[in-house]
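Trainee: Got a structure here, written out as structure tokens. Questions coming.
Each value in this text was obtained by applying a stated rule to the coordinates, not by laboratory testing. The model shown is predicted, which means the values in this text are computed figures rather than measured ones. Here the Cβ is made from the backbone with ideal geometry for all residues, glycine too, and neighbour counts use every protein chain on show.
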Amino acid sequence: MIFLINAANAALYADEMEQIQALRYEVLVKDLKWEGLTSAGGRESDRFDGPNAVYIGIREGDEVVAAIRLNKADRPTLTSEIFPHLVQFRAPPAGERVFDVTRLVVLPGRGKTFRKNRYSFDLLCAAMEFGLAGKLDCFTAVMPTRFFELLQHTGSGIYPLGFPAGEGSDEHLAVVIPVVPRTLDCLYRFTGNSEPRLLSLQGAPLSAREAISALSA
């Protein structure tokens, strides 16, 4: 099950939200050992969390196994505030029709590496469905260069905002992902699954009204 959390429905997803923050702690703090993160009680959070954020997660049974966060770029975002050194080619897109995608995490040891990729791509498909339904222009993000190269092979239209920084597996890029039907089609073809990922409580694909409600919350 792939679900979406925002200010309007957060009360219905309190357990999932706690699991998302616990998963972020497990992946980012314990596994990847990122520095400068704020964590307490086995949960990771930062100043970009809260009622203005949108969360998309994957639940298997009662367990959240993957998640991603989206922040509207009409205000400071993690990419613009924490990673300005990755932006040299052009200013990051901003405004109400742009969302910053961050904190993509998959439960460690959840199957083989290709299954982790499956979870990541299911989240990206869900984010793109959300973006298309809400008539967004694009997403910004910071990601490892190896994941950027993989997304390039899908034909998604992703492009960098600057040169990579870091070394080896820690090398990252700031990128833009256009929100257009072609991008979603490319992601569907790459995953071999054209079924909508992000479903409403009624079991139908996320409607434009639902997406706009999530955007406005």
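Trainee: Just checking my list (i) 16.1, 46; (ii) 16.3, 53; (iii) 17.4, 55 against Rg and Dmax of the Cα atoms in Å computed from this structure; which label fits?
Mentor: Computing Rg and Dmax of the Cα atoms in Å and matching it to (i) 16.1, 46; (ii) 16.3, 53; (iii) 17.4, 55 gives (i).
Trainee: Name the helices (complete DSSP H segments) of the chain with a Cα length along the long axis of 20 Å or more and a Kyte-Doolittle mean of at least 0.0, or state none. Could the numbers behind the result be given before it?
Mentor: Numbers: long enough: 113-133 (30 Å, 0.14).
Membrane-span-like by this rule: 113-133.
Trainee: While we're looking at this one, here's another question. In the chain, with Lys and Arg counted as +1 and Asp and Glu as -1 at Cβ, which of these residues, Phe163, Ile20, Ile82, has the Cα nearest the positive end of the dipole, that is, farthest along it?
Mentor: The listed residue farthest towards the positive side: Phe163.
Trainee: So, with +1 on the Cβ of K and R and -1 on the Cβ of D and E, and no other charges, what is the size of the charge dipole of the chain about its Cα centre, to the nearest 20 debye?
Mentor: Values: 23 positive and 26 negative charges, 79 e Å.
For the chain, the charge dipole is close to 380 debye.
Trainee: Which listed residue (Leu104, Val179, Ala11) has the Cα farthest towards the positive end of the charge dipole for the chain, taking +1 on Lys and Arg C-beta and -1 on Asp and Glu C-beta about the Cα centre?
Mentor: Val179
Trainee: Can you tally the lysine pairs in the chain where the Cα-Cα distance is under 22 Å and the two residues are eight or more apart, or on different chains?
Mentor: Here the count comes out as 5.
Trainee: Can you list the residues, at least 5 places off or on another chain, whose amide H is less than 5 Å from the amide H of Glu44, using H built in the peptide plane?
Mentor: Residues meeting the amide H criterion: Ala22, Arg24, Tyr25.
Trainee: Per-residue ellipticity at 222 nm for the chain, helices alone: DSSP H runs ≥ 4 residues times -39500 (n - 2.57), over residue total, nearest 500 deg cm²/dmol?
Mentor: Numbers: 6 runs with 66 residues, N = 217.
So the helix-based figure for the chain works out to -9000 deg cm²/dmol.
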